[in-house]
Amino acid sequence: MSDTKIPGSETVIDETFGVAITRSLPPPPSGYNVVVGVDFDATGDHAMAEALRLADARDDVEIHAVYVISKNVETIRADILAKRTTELEDIPAKLRKHIETRFGDISKHHARLVLHVRVGEPTAAIHQLAVDIDAELIIVGTHGRKGLRKLALGSVAQKLLEDARCPVLVARPRDYSGLEKTARPEPLCPDCARARTESDGAKQWCDWHARPHIRAHAIGYHEYMAGGRSPGIV
């Protein structure tokens, strides 16, 4: 085999056919490169939304959206190879349309968008793209499943958190339904404030709030030094 090398390319061994092929190298990093795992479902949309939120805060974000065609078996059957070839040809256009339909004009977020389609195990494929483009961050979505459902499905996000060589952001929808906020402390009443000032902090509560309570009096803590006062509780 000739040692002549085409600029901007590399020669590798194709795993399917065992032959040497020459492929283009990815361009060098040109900004803050972010790999986003995308799909045609809500998990990919959550990840893309977070990437665009980041792009709105910077002016050098390049979003590399990657769709992975899972490679479950090793085979060179003609029908399987034909199916993968069709997917590789069709998915980029479908993915571009999905992103444009869901998020509109990406350029409004001051970000460049690069689409990738790879074949393989999702976690490895996403991480390899991060290596190839020297990514600063990987963003993936999650269904948020727990217990047996999570074990049965497997977790790309979890494996990336364990194995990735760069920061990983796991995007999921914000939902605080069914949860209560921390109880806010009651404001200091004027009579309590007067009692503290007149007693120089020796008396914390007015006669009303000093009486026995079935329910504990909610307070916060704050130290103030201004005006010659001693630190106190408010």
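The values are calculated or read from the model by the stated rules, or taken from the named source; none is laboratory data. All of these numbers come straight from a predicted model, not from anything done at the bench. Reconstructed Cβ throughout: ideal geometry from the backbone, glycine too, with neighbour counts over all protein chains shown.
What to note about this one:
- Boolean, Lys150 is surrounded by 14 or more Cβ atoms within 10 Å (Cβ to Cβ) and either at pLDDT below 85 or not assigned by TED's automatic domain parsing to the domain that holds Met48 (or both): yes
- Among the conditions (1) on the phi < 0 side of the Ramachandran plot; (2) surrounded by 12 or more Cβ atoms within 10 Å (Cβ to Cβ); (3) at pLDDT below 90, the only one that Tyr67 does not satisfy is (3).
- Under the condition of being assigned to a helix (DSSP H, G or I) and without any contact (Cβ under 8 Å) to a residue 40 or more places away in the chain, the residues counted in segment 96-127 number 8.
- Candidate set: segment 174-201, residues that are among the charged types (D, E, K, R) and farther than 30 Å from Glu50 by Cα; chosen: the one modelled with the lowest pLDDT: Arg184
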